[in-house]
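See structure below.
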Amino acid sequence: MQERRSRQRLPSIRVTARVGIKRGFLGRDWLNVRVLDFSNRGLAFTGDVPLEQDDSFQMSLRLSTETGDFVVEKASASISNIRKVSDRRIYGVHFADDNPAATLASLERIEGIVKRYKELSSRIFRHRSGKEA
């Protein structure tokens with residue numbers, strides 16, 4: 001069958017996250033946040049969360065792809081910086097070095113997939129721009 005799309009479709013990926021805020025002795029409230037960027041050492045997110053500089057918390061992450069999901073449950077993290085842009089706060093997060101080895105490996109795997117996706121997107125964009133010139 002002949003391809004009829006005028007532009008090549010990129011595979012879809014999406015990183016979603018939830019922040020676990022301690023509530024009482026054993027409980028946690030899990031709040032959804034919007035991931036802005038990601039690496040295996042940390043990430044940036046925006047959302048309505050009651051966190052301040054140096055606060056420690058847990059995060060759950062999910063990288064959704066067309067071929068399956070990669071999930072990290074309860075990664076320990078802390079707020080390294082907070083920037084105010086317009087009416088929202090952007091939180092810089094550092095993942096704790098003492099996370100279990102499996103958690104660290106999953107964070108590295110997610111970073112690798114995100115990096116390859118960005119490289120593919122850039123190559124396709126450059127290729128399209130070269131054809132239009």
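So, counting K/R as plus one and D/E as minus one, what does the shell of residues with Cβ under 12 Å around A96 add up to?
0
Between G47, G20, G68, where does the largest GNM mean-square fluctuation fall for the chain, given springs only between Cα atoms within less than 10 Å?
Ranking G47, G20, G68 by mean-square fluctuation puts G68 first.
Among all stretches of the chain without exposed trypsin sites (Lys or Arg not before Pro) (DSSP loop, at most 10 other Cβ atoms within 10 Å), which one is longest?
The longest uninterrupted stretch comes out as 10-133.
In a shell of Cβ-Cβ distance under 10 Å around N32, excluding N32 itself, what net charge do Lys and Arg (+1) and Asp and Glu (-1) give?
+1
Quick one: which residues, 5+ away or cross-chain, put their amide H under 5 Å from the amide H of A96? H built at 1.01 Å from N.
Here the answer is S76, A77, S78, since their amide H atoms fall under 5 Å of that of A96.
Got a sec to turn the phi values of region 73-89 into Karplus ³J(HN,Hα) couplings, 6.51 cos²θ - 1.76 cosθ + 1.60 with θ = phi - 60°, whole Hz, x for Gly and Pro?
9, 6, 6, 6, 8, 9, 7, 9, 7, 9, 10, 9, 10, 6, 9, 10, 9
Report relative contact order for the chain in percent, whole number only (criteria: Cα-Cα under 8 Å, sequence separation at least 6).
Result for the chain is 22 percent.
Give the cross-link partners of K118 among the aspartates and glutamates, using a straight C-alpha distance below 18 Å as the criterion and excluding same-chain residues fewer than 8 apart.
D37, E66, D69, E108
Using θ = phi - 60° and the Karplus curve 6.51 cos²θ - 1.76 cosθ + 1.60, what whole-Hz ³J(HN,Hα) does each residue of region 36-50 get, with Gly and Pro shown as x?
9, 8, 8, 9, 6, 9, x, 7, 10, 9, 10, x, 8, 10, x
Please list 3J(HN,Hα) in residue order for region 63-70, calculated via the Karplus relation 6.51 cos²θ - 1.76 cosθ + 1.60 where θ = phi - 60°; whole Hz, with x for glycine and proline.
Values per residue, Gly and Pro as x: 9, 9, 10, 5, 9, x, 10, 10 Hz.
Give, rounded to the nearest 20 debye, the magnitude of the charge dipole that region 53-132 has about its Cα centre when Lys and Arg contribute +1 at Cβ and Asp and Glu contribute -1 at Cβ.
Value, rounded to 20: 600 debye.
Sort V49, V15 by accessible area with a 1.4 Å probe, largest first.
The residues order as V15, V49, largest area first.
As an exercise, identify the GluC sites (Glu not before Pro) in region 26-133 lying in DSSP coil whose Cβ has no more than 11 other Cβ atoms within 10 Å.
Of the GluC sites (Glu not before Pro), the ones in loops of region 26-133 whose Cβ has at most 11 other Cβ atoms within 10 Å are E52, E66.
Take V72, V85 and sort them by solvent-accessible surface of the protein heavy atoms, 1.4 Å probe, largest at the top.
Sorted by accessible area, descending: V85, V72.
For n ≥ 4 DSSP H runs only, could you compute -39500 (n - 2.57) per run for the chain, divide by its residues and tell me the 222 nm figure to the nearest 500?
Result for the chain, helices only: -8500 deg cm²/dmol.
Work out, step by step, the length gained on full extension between V71 and R88: first 0.36 nm times the residue separation, then minus their alpha carbon distance; give nm to one decimal.
3.4 nm
Quick one, which of [x] 43; [y] 25; [z] 32 is the actual percent of Cα pairs over 23 Å apart calculated for this model?
Checking each listed value against the structure points to [x].
For the chain, find the longest principal axis of its Cα atoms and tell me its angle to the long axis of helix 101-132, 0 to 90°, nearest 10.
Approximately 30 degrees, to the nearest 10.
The values are calculated or read from the model by the stated rules, or taken from the named source; none is laboratory data. Keep in mind it's a predicted model, so treat the numbers as computed, not measured. Neighbour counts are summed over all protein chains in view; Cβ atoms, including those assigned to glycine, are modelled from backbone coordinates with ideal geometry. Side chains are part of the model used for accessible areas, which takes the heavy atoms of the whole protein and leaves out ligands, DNA and RNA. Shrake-Rupley method; radii C 1.70, N 1.55, O 1.52, S 1.80 Å.
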